[in-house]
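Here the structure comes first, spelled out in structure tokens, and everything after it is commentary.
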Amino acid sequence: MKKSGIISCILLLTAFFSAGTTNAQSIVLTPKWTAQAQFAGYYVAEKMGFYKEEGLDVRIQHPSLSESSFSFLKKGKAQAVVMNLSYALTEFFAGARVVNILQTSQENSLMLVSHSPLKGLTALQHQKIAVWNHLSQELLGQVANKYQLQVEWIRFNGGVNIFLSKAADICLVGSYNEFLQLAECGMKTDSTHVMHFADYGYNLPEDGLYVTEEFYEKYPEAARKLAKASMRGWEWANEHREETLDIIMEEVHLHNIGTNRYHQRKMLDEVLRLQTNRESGKRTFRLSHEGFDRATSILLPAQKKTAHIRYENFVK
């Protein structure tokens, strides 16, 4: 082929791909935390081109430690965000019209870990309990009220130092991250030092993917394709864990996150386990009526029990 012919082909290909990029729906997707295996499916969908195959131009933008993913949605800096169900519902009750388009977590990961044995919920009375800044205060308040607990909630951004330094008597941790970090730090915790939220009636699904109601009504097909490609990313991650870890490690190195492959592998395995419904043994990627009803019954403030929130309006 002559040089002029080669150049013509290159120009045609460039024009073709440029047109495809121009026509693609641009979406900023913000996870609720810094880069880690908790968001592996989204990294996979972006890296493997699943979003592009759906005609979407998705860019993943992480928040800082002090920012919430919801703040990105509220300010218009992101079109889709990962949030805890409890956080999303709390904001919905406050007037923010968000909709759930994908539910990854089906089981609750929250655990209370103590320096001393925990002999029932009464052991929490008058204790200093460290909790993440992004966790809904409404959920914590409901737990305390139900069991008539007087506790001091100490807010922190992340890590386990606040607990290891004994600045807090008890620390709220996730089974897929901080609990693993404690073990990696050499701390030995048996069942007498641990309480699972799920064992006390608070088995609330956690991570889901959300967009605003306005975005969903304006771009319903884009929202559907975003959920479809993200789900495909998570399914691929489950079936190709070592390759997924390669993608995760690229992401954490890109964002200068101090971690290692061992920890990210443990996290990925636990996150994928939590995506499986314990009763059906399946990954549905959808918030169930049961999970929704359980969450609203716990989180809806007593003075607003007459407030009406329909499952169909919240889950798409």
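Residues in the range 33-74 that are outside any helix (DSSP H, G or I), of a type in the set (Gly, Ala, Ser) and farther than 25 Å from ASN23 by Cα: ALA35, SER64, SER66, SER68.
Within the range 63-70, does at least one residue satisfy the condition of being of a type in the set (A, V, I, L, M), closer than 30 Å to HIS263 by Cβ and modelled with pLDDT of 95 or more? No, the range 63-70 has no match at all.
Listed by first and then second residue, the pairs with beta-carbon distance under 7 Å, at least 6 apart or on different chains, first residue in the range 232-255 and touching a residue at least 40 places away in the same chain (Cβ under 8 Å), second surrounded by 13 or more Cβ atoms within 10 Å (Cβ to Cβ) and aromatic (Phe, Trp, Tyr), are ARG232/PHE50; GLY233/TYR42; GLY233/PHE50; ILE247/TYR43; ILE248/TYR43; GLU251/TYR43. Looking at the structure I just gave you, is PHE92 under 12 Å from the mean Cα position of the chain (by Cα) and more than 21 Å from ARG232 (Cα to Cα)? When the stated conditions are applied, PHE92 does not pass them.
Answer yes or no as to whether LYS77 is more than 15 Å from the chain's Cα centre (by Cα), outside the structural domain of ASP57 (by TED's automatic domain parsing), part of a loop (DSSP other than H, G, I, E, B) and surrounded by fewer than 19 Cβ atoms within 10 Å (Cβ to Cβ). When the stated conditions are applied, LYS77 does not pass them.
Against the conditions (1) in contact with a Phe, Trp or Tyr (Cβ under 8 Å, 6 or more places away or on another chain); (2) at pLDDT below 90; (3) part of a loop (DSSP other than H, G, I, E, B), PHE285 satisfies every one except (2). Being out of contact with any Leu (no Cβ under 8 Å at 6 or more places or on another chain) and either surrounded by fewer than 19 Cβ atoms within 10 Å (Cβ to Cβ) or modelled with pLDDT under 95 (or both) holds for only one residue in ARG265, ARG261, ARG224, and it is ARG224.
The residue that is surrounded by the most Cβ atoms within 10 Å (Cβ to Cβ), among those in the range 127-137 that are modelled with pLDDT under 85 and of a type outside the set (S, T, N, Q), is HIS134. Would a scan of the range 212-225 turn up a residue that is under 30 Å from ALA24 (Cβ atoms), assigned to a strand (DSSP E or B), touching a residue at least 24 places away in the same chain (Cβ under 8 Å) and in the same structural domain as THR34 (by TED's automatic domain parsing)? Scanning the range 212-225 turns up at least one residue that is under 30 Å from ALA24 (Cβ atoms), assigned to a strand (DSSP E or B), touching a residue at least 24 places away in the same chain (Cβ under 8 Å) and in the same structural domain as THR34 (by TED's automatic domain parsing). Only a single criterion out of (1) in a strand (DSSP E or B); (2) more than 27 Å from TYR311 (Cα to Cα) is not satisfied by LEU102, namely (2). Within the range 186-201, the presence of a residue that is outside any loop (DSSP other than H, G, I, E, B), under 30 Å from LEU29 (Cβ atoms) and out of contact with any Ser or Thr (no Cβ under 9 Å at 6 or more places or on another chain) is excluded.
Exactly one residue out of LEU209, LEU182, LEU204 is assigned to a loop (DSSP other than H, G, I, E, B) and of a type in the set (A, V, I, L, M, F, W, C): that is LEU204. Answer with yes or no whether LYS266 is part of a helix (DSSP H, G or I), in contact (Cβ under 8 Å) with a residue 12 or more places away in the chain and under 14 Å from ALA45 (Cα atoms). Judged against the criteria, LYS266 is not a match. If you check ALA96 against the conditions, is it part of a strand (DSSP E or B) and out of contact with any Asp or Glu (no Cβ under 8 Å at 6 or more places or on another chain)? Against the criterion (part of a strand (DSSP E or B) and out of contact with any Asp or Glu (no Cβ under 8 Å at 6 or more places or on another chain)), ALA96 does not qualify. Taking the range 192-215 as the range and being aromatic (Phe, Trp, Tyr) and surrounded by fewer than 19 Cβ atoms within 10 Å (Cβ to Cβ) as the test, the residues that pass are PHE197, TYR200, TYR202. The residue that is nearest to LYS146 (Cα to Cα), among those in the range 87-126 that are of a type in the set (Gly, Ala, Ser) and exposed (fewer than 15 other Cβ atoms within 10 Å of the Cβ), is GLY120.
The values are calculated or read from the model by the stated rules, or taken from the named source; none is laboratory data. These numbers were taken from a predicted model, which means no experiment stands behind them. Don't worry about glycine lacking a Cβ; one is built from the backbone with ideal geometry, like all the others, and counts go over all protein chains shown.
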